[in-house]
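Inspection log for the structure reproduced underneath, given as structure tokens.
The values are calculated or read from the model by the stated rules, or taken from the named source; none is laboratory data. Predicted model only: the values in this text are computed from it and were never measured. Every residue, glycine among them, receives a Cβ derived from its backbone with ideal geometry; neighbour counts consider all protein chains shown. We work out accessible area using only protein heavy atoms, side chains counted, and drop any ligands, DNA or RNA first. Shrake-Rupley method; radii C 1.70, N 1.55, O 1.52, S 1.80 Å.
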Amino acid sequence: MVAFDSWLVAREPALQRLALLLTNDEHAAQDLVQTTLAKLYLAWDRLDDRDRLDGYARRILLNEHRSAWRRQWRRREVMTDDPPDVGQPAIEYDGSREAVWRFVASLPPRQRAVIVLRYYEDLSEAEIADALSISLGTVKSQASRALAALRTRLPEEMS
């Protein structure tokens, strides 16, 4: 039987990476992973299929992320005279990867989730549909729209 501690040590970096790619914010990603791990820990004793732990954790993380972007419209930003401190990026990329990531980060949340799961997590369209609880056609249309938007904007930034 896999102990939660050993699973956590092995898989937390991958969850952190996925959360950072989905949120494009280091602090939001950390909060998302902490919430995911808390929910996973509470369900740990009820999980029978230990071979599917990664998928279960990813599903929790995606559901939490989706819940966050569904309730974003309720949040209101508070304006202040002093801007917040800006931290250093967690991951440094070379110029071309940084440009591509800027494009991905600018996509709407659902399109960004589809692109991240497809090209960063290497999931199939069917797996993405299952993970996001959307239809296969929606996965395809969201990916198509996202890639079309990225293709039209890429030459602008590269010149």
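What pairs come out if I take residues in segment 1-17 that are under 12 Å from Tyr56 (Cβ atoms) and of a type outside the set (Val, Ile, Thr) and pair them with residues that are modelled with pLDDT under 90 and open to solvent by less than 50 Å² (accessible area, probe 1.4 Å) whose C-beta lies under 9 Å away, six or more apart or interchain?
Within 9 Å, the pairs are Trp7/Trp44; Trp7/Arg50; Trp7/Leu53; Arg11/Leu53.
Could you please tell me which pairs satisfy a Cβ distance under 7 Å, a separation of 6+ or placement on different chains, a first residue in segment 122-151 that is touching a residue at least 40 places away in the same chain (Cβ under 8 Å), and a second residue that is open to solvent by 50 Å² or more (accessible area, probe 1.4 Å)?
The qualifying pairs are Ala131/Arg58; Ala131/Arg59.
Test each condition in (1) over 24 Å from Leu107 (Cβ atoms); (2) surrounded by 17 or more Cβ atoms within 10 Å (Cβ to Cβ); (3) at pLDDT below 90 for Leu40 and report the one that comes out false.
Evaluating Leu40 over (1) over 24 Å from Leu107 (Cβ atoms); (2) surrounded by 17 or more Cβ atoms within 10 Å (Cβ to Cβ); (3) at pLDDT below 90 leaves (3) as the failure.
Take Leu147 and tell me if it is at pLDDT 90 or above and within 19 Å of Asp25 (Cα to Cα).
Working: at pLDDT 90 or above: yes; within 19 Å of Asp25 (Cα to Cα): no.
Against the criterion (at pLDDT 90 or above and within 19 Å of Asp25 (Cα to Cα)), Leu147 does not qualify.
Six or more apart or on different chains, Cβ atoms under 9 Å: show the pairs whose first residue is in segment 26-51 and within 17 Å of Arg66 (Cα to Cα) and whose second is assigned to a helix (DSSP H, G or I) and among the basic types (Lys, Arg).
Sorted first by the residue in segment 26-51, then by its partner, the pairs are Ala29/Arg17; Thr36/Arg58.
Where residues in segment 119-132 are open to solvent by less than 80 Å² (accessible area, probe 1.4 Å) and under 15 Å from the mean Cα position of the chain (by Cα), which of them is nearest to Gln16 (Cα to Cα)? Step through it out loud before you land on a result.
First pass over segment 119-132, keeping only residues open to solvent by less than 80 Å² (accessible area, probe 1.4 Å): 121, 123-126, 128-129, 131-132.
Subsequent filtering for residues that are under 15 Å from the mean Cα position of the chain (by Cα) retains 121, 123, 128-129, 131-132.
On the way: Glu121: 12, Leu123: 17, Ile128: 18, Ala129: 21, Ala131: 17, Leu132: 18 Å.
Out of the qualifying residues, it is Glu121.
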